[in-house]
Amino acid sequence: MPPPSKLNSADNASASCHQSENGYTDSAYSVHHEKDLVDLLQFSSAKESDDHLKEFSEALRTVAKALRRAAEGKAAAQAEAAEWKRKYSLEKERNRKLEVERIESNGDRKEPRADAVTNQTVPCNQRIEHCEPCCGRDGICSHDVLQNEENFTVSDARTGRNEWKRKASFKLSWWCKGEDSDQHKHDIVSFEKGNITTAERSSKQISLKWESDPQNVLVLTKPHSITVRVLCSELVRWLKEEKRLDVFVEPRVKSELLAESTYFNFVRTWEDEKEIAFLHTKLDLVVTLGGDGTVLWAASMFKGPVPPVVPFSLGSLGFMTPFHSEDYRECLESVLKGPVSITLRHRLQCHVIRDAAKSEYEREEPILVLNEVTIDRGISSFLTNLECYCDDTFVTRVQGDGLILSTTSGSTAYSLAAGGSMVHPQVPGILFTPICPHSLSFRPLILPEHVTLRIQVPFNSRGHAWASFDGKDRKELAAGDALVCSMAPWPVPTACHRDSTSDFLQSIHEGLHWNVRKTQSFDGPRDA
């Protein structure tokens, strides 16, 4: 038999139900049980509402994650579709151009005039007079030879005539110790006008030997320096009076020299910026007075072949300036007499391709860099998001402060500060150095010289990127824009004080104090 309490509660409940169904209610009895029911419902509803809120919040989190994944997948799919569409259009345009060239090649060809400027494309591993174009997918030739140009005129302030002396020719050859070896007889560059292009790469030392005496010298100086200005006037006077050379300077330097004395009327310069494009066809030698920045400025003036550069150190660090300014007479005597060891400092050729471009040939003006090209996030607070391709093969996605593509000459500059390795400038390669990456396993790379790198801002990037070339010419890269870099065929030949390796090791010892420490004491414990 059930307990009285339970029986009473059951009877009360049935009675309550019976009474409610028949419409009869006891007011006191109803009020008492309604209060208990309200308390019970409030307690249970509060408890159940907390559980429901937790379940609902978890469900919302799951839905948010699913929506986020769907959005990311959609953005990635759109970016991939856009990339495939771009590749298809580029491939279609390239095939069309190849078809047009093939049709034209079957017809009659007109030989170019000998007095016109022509670009002859020659493969680096072949030395023939006529060959098929060797442009890569990005349209960058591996070899380029510029003929003579007769439209370049520079006025002589003293005589009023536009006369030029014949440009000196020279040969570059392998340098090796000992005369018994025949390696030094193998010429890698031998052009009548002395324009240097990269015919072969070598880790051997390279020697320059003049076949005719130099006649025209360009002197470039660091601006806003009284010491450099005094040395420049003394050097120009010595080159004219002692060596009988025609001296060229920048318009700014010529104004400074004429303000000092009218004696410097013999100094030549150029009046139009367009004339700088033909300087390499007339100059035999470039002398720089300053630091590494002056060498970078000298290299940026030449968009094609670069005459040999003799850099004198007047700056704070001198990785590319092995000559001391106080010994300029002895140094220039040795260089002008020859032979002299040189370092071929390779440059990167960079193109910016916008997302709106209809083909890969619709690109901006190429930019040559001697040190590095840097892609960073600029003033944006978001991480840089970059997709990197090497010869159309996906390499990695860069997430961090940015990326540095450096030459081996620039390995001791920004790349070194970002954790990259120091590399001998004669080593042909491209340094791939991340800037503060968002991954501990993202380490620097050294890629071979023959690759073409494409750095692209994906469509799902949160912000834009910025590219700077040797610290100048800053360009904004929006979503879909790409930066294409490859090794330029025109290196910068710089004269060596001793040889390329000795100058490099001396520069890192003196400039960086590399591995300098006190020698361990010899009076400590020793092995038996």
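Could you check region 230-264 and list, in sequence order, the residues that are closer than 21 Å to residue 327 by Cβ and part of a helix (DSSP H, G or I)?
Matches in region 230-264: 230, 231, 232, 233, 234, 235, 236, 237, 238, 239, 240, 241.
Name, by its number, the condition in (1) loosely packed, with under 15 Cβ neighbours inside 10 Å; (2) within 21 Å of residue 418 (Cα to Cα) that does not hold for residue 519.
Residue 519 satisfies every listed condition except (2).
Of the numbered conditions (1) touching a residue at least 24 places away in the same chain (Cβ under 8 Å); (2) under 23 Å from residue 333 (Cβ atoms); (3) out of contact with any Leu (no Cβ under 6 Å at 6 or more places or on another chain); (4) not in a loop (DSSP other than H, G, I, E, B), residue 212 satisfies every one except a single condition; which is it?
If we test residue 212 against (1) touching a residue at least 24 places away in the same chain (Cβ under 8 Å); (2) under 23 Å from residue 333 (Cβ atoms); (3) out of contact with any Leu (no Cβ under 6 Å at 6 or more places or on another chain); (4) not in a loop (DSSP other than H, G, I, E, B), just (4) comes out false.
Hey, could you check region 338-349 for residues that are open to solvent by less than 60 Å² (accessible area, probe 1.4 Å) and either more than 20 Å from residue 306 (Cβ to Cβ) or part of a loop (DSSP other than H, G, I, E, B) (or both) and say which is modelled with the lowest pLDDT?
Within region 338-349, the subset open to solvent by less than 60 Å² (accessible area, probe 1.4 Å) is 338, 340-349.
If we keep only those that are either more than 20 Å from residue 306 (Cβ to Cβ) or part of a loop (DSSP other than H, G, I, E, B) (or both) as well, we get 338, 346-347.
Details: 338: 81, 346: 94, 347: 95.
This residue is 338.
For region 355-368, enumerate the residues that are closer than 28 Å to residue 96 by Cβ and either of a type outside the set (Ser, Thr, Tyr) or buried (at least 20 other Cβ atoms within 10 Å of the Cβ) (or both). It would help to see each step written out before you state the result.
Keep residues of region 355-368 that are closer than 28 Å to residue 96 by Cβ, which gives 355-367.
Within region 355-368, 355, 356, 357, 358, 360, 362, 363, 364, 365, 366, 367 qualify.
Residue check, residue 488 against (1) open to solvent by 20 Å² or more (accessible area, probe 1.4 Å); (2) within 30 Å of residue 342 (Cα to Cα); (3) at pLDDT 90 or above, all met but one. Which one?
Every condition holds for residue 488 apart from (1).
Kindly evaluate residue 240 against the criterion of being over 23 Å from residue 274 (Cα atoms), outside the structural domain of residue 290 (by the TED database) and over 30 Å from the mean Cα position of the chain (by Cα).
Values: over 23 Å from residue 274 (Cα atoms): yes; outside the structural domain of residue 290 (by the TED database): no; over 30 Å from the mean Cα position of the chain (by Cα): yes.
Taking the combined requirement at face value, the residue does not satisfy it.
Please work out which residue is nearest to residue 320 (Cα to Cα), limiting yourself to region 437-462 and to residues that are open to solvent by 60 Å² or more (accessible area, probe 1.4 Å) and aliphatic (A, V, I, L, M).
446
Within the bounds of region 404-411, is there any residue that is touching a residue at least 60 places away in the same chain (Cβ under 8 Å), within 25 Å of residue 441 (Cα to Cα) and in a loop (DSSP other than H, G, I, E, B)?
Among the residues of region 404-411, at least one is touching a residue at least 60 places away in the same chain (Cβ under 8 Å), within 25 Å of residue 441 (Cα to Cα) and in a loop (DSSP other than H, G, I, E, B), which makes the answer yes.
What pairs come out if I take residues in region 248-266 that are over 13 Å from residue 220 (Cα atoms) and at pLDDT below 95 and pair them with residues that are of a type in the set (A, V, I, L, M, F, W, C) and open to solvent by 20 Å² or more (accessible area, probe 1.4 Å) whose C-beta lies under 6 Å away, six or more apart or interchain?
264/258; 265/157
Quick check: anything in region 490-505 closer than 30 Å to residue 90 by Cβ and touching a residue at least 60 places away in the same chain (Cβ under 8 Å)?
Of region 490-505, the ones closer than 30 Å to residue 90 by Cβ are 490-491.
In the following step, the residues that additionally are touching a residue at least 60 places away in the same chain (Cβ under 8 Å) were identified as 490-491.
Yes, the conditions are met somewhere in region 490-505.
Identify, from the list 459, 522, the residue that is outside the structural domain of residue 427 (by the TED database) and assigned to a loop (DSSP other than H, G, I, E, B).
On the way: 459 fails: outside the structural domain of residue 427 (by the TED database).
On inspection, the qualifying residue turns out to be 522.
Condition first: under 17 Å from residue 347 (Cα atoms), in contact (Cβ under 8 Å) with a residue 24 or more places away in the chain and either buried (at least 21 other Cβ atoms within 10 Å of the Cβ) or within 16 Å of the chain's Cα centre (by Cα) (or both). Now tell me which residues in region 427-436 satisfy that.
Filtering region 427-436 down to residues under 17 Å from residue 347 (Cα atoms) leaves 427-433.
Those still in the list that are in contact (Cβ under 8 Å) with a residue 24 or more places away in the chain too: 427-428, 430-433.
Within region 427-436, 428, 430, 431, 432, 433 meet the criteria.
Looking only at region 472-519, count every residue that is within 26 Å of residue 171 (Cα to Cα) and among the β-branched types (Val, Ile, Thr) and tell me the total.
Residues in region 472-519 being within 26 Å of residue 171 (Cα to Cα) and among the β-branched types (Val, Ile, Thr): 3 in total.
From 440, 505, 447, which residue is under 17 Å from the mean Cα position of the chain (by Cα) and at pLDDT 90 or above? Please lay out each step first, then the result.
Numbers: 440 fails: under 17 Å from the mean Cα position of the chain (by Cα); 505 fails: under 17 Å from the mean Cα position of the chain (by Cα).
The unique qualifying residue is 447.
Here is a check on your reading of the model: is residue 418 out of contact with any His (no Cβ under 8 Å at 6 or more places or on another chain) and more than 22 Å from residue 478 (Cα to Cα)? Before the answer, list the steps.
Working: out of contact with any His (no Cβ under 8 Å at 6 or more places or on another chain): yes; more than 22 Å from residue 478 (Cα to Cα): yes.
Answer is yes for this residue.
So if I check each of 272, 292, 284, which one is farther than 21 Å from residue 343 by Cα, out of contact with any Asp or Glu (no Cβ under 6 Å at 6 or more places or on another chain) and either among the charged types (D, E, K, R) or open to solvent by less than 60 Å² (accessible area, probe 1.4 Å) (or both)? Even if it seems obvious, please write down each step before you answer.
On the way: 292 fails: farther than 21 Å from residue 343 by Cα; 284 fails: farther than 21 Å from residue 343 by Cα.
Unique residue meeting the criteria: 272.
Considering each of 335, 352 in turn, give the residue that is open to solvent by less than 20 Å² (accessible area, probe 1.4 Å), among the aliphatic types (A, V, I, L, M) and within 22 Å of residue 87 (Cβ to Cβ). Step through it out loud before you land on a result.
Values: 335 fails: within 22 Å of residue 87 (Cβ to Cβ).
Only one candidate passes the filter, namely 352.
Assuming residue 280 fulfils every condition listed in (1) touching a residue at least 60 places away in the same chain (Cβ under 8 Å); (2) under 17 Å from residue 232 (Cβ atoms) apart from one, which condition is it?
(2)
Do you know which of the residues in region 93-112 that are surrounded by fewer than 11 Cβ atoms within 10 Å (Cβ to Cβ) and not in a loop (DSSP other than H, G, I, E, B) is modelled with the lowest pLDDT?
Taking region 93-112 and keeping what is surrounded by fewer than 11 Cβ atoms within 10 Å (Cβ to Cβ), we get 95, 99-100, 102-111.
Narrowing further to those that are not in a loop (DSSP other than H, G, I, E, B): 95, 99-100, 102-106.
Details: 95: 79, 99: 78, 100: 80, 102: 73, 103: 78, 104: 73, 105: 70, 106: 66.
Of everything passing the filter in region 93-112, 106 is modelled with the lowest pLDDT.
Can you say whether residue 257 is among the hydrophobic types (A, V, I, L, M, F, W, C), surrounded by 15 or more Cβ atoms within 10 Å (Cβ to Cβ) and closer than 22 Å to residue 313 by Cα, as far as the supplied structure shows? Walk me through it before giving the result.
Details: among the hydrophobic types (A, V, I, L, M, F, W, C): yes; surrounded by 15 or more Cβ atoms within 10 Å (Cβ to Cβ): yes; closer than 22 Å to residue 313 by Cα: yes.
Against the criterion (among the hydrophobic types (A, V, I, L, M, F, W, C), surrounded by 15 or more Cβ atoms within 10 Å (Cβ to Cβ) and closer than 22 Å to residue 313 by Cα), residue 257 qualifies.
Identify the residue in region 369-415 that is surrounded by fewer than 18 Cβ atoms within 10 Å (Cβ to Cβ) and among the hydrophobic types (A, V, I, L, M, F, W, C) and, among all such residues, is nearest to the chain's Cα centre (by Cα).
By that ranking, first place goes to 390.
The values are calculated or read from the model by the stated rules, or taken from the named source; none is laboratory data. Only a predicted model underlies this, so the values are computations on that prediction, with no experimental measurement involved. Because the Cβ atoms are built from the backbone with ideal geometry, glycine has one as well, and the counts that use them run over all protein chains shown. Just the protein is used for accessible areas: all its heavy atoms, side chains included, with ligands, DNA and RNA removed. Shrake-Rupley method; radii C 1.70, N 1.55, O 1.52, S 1.80 Å.
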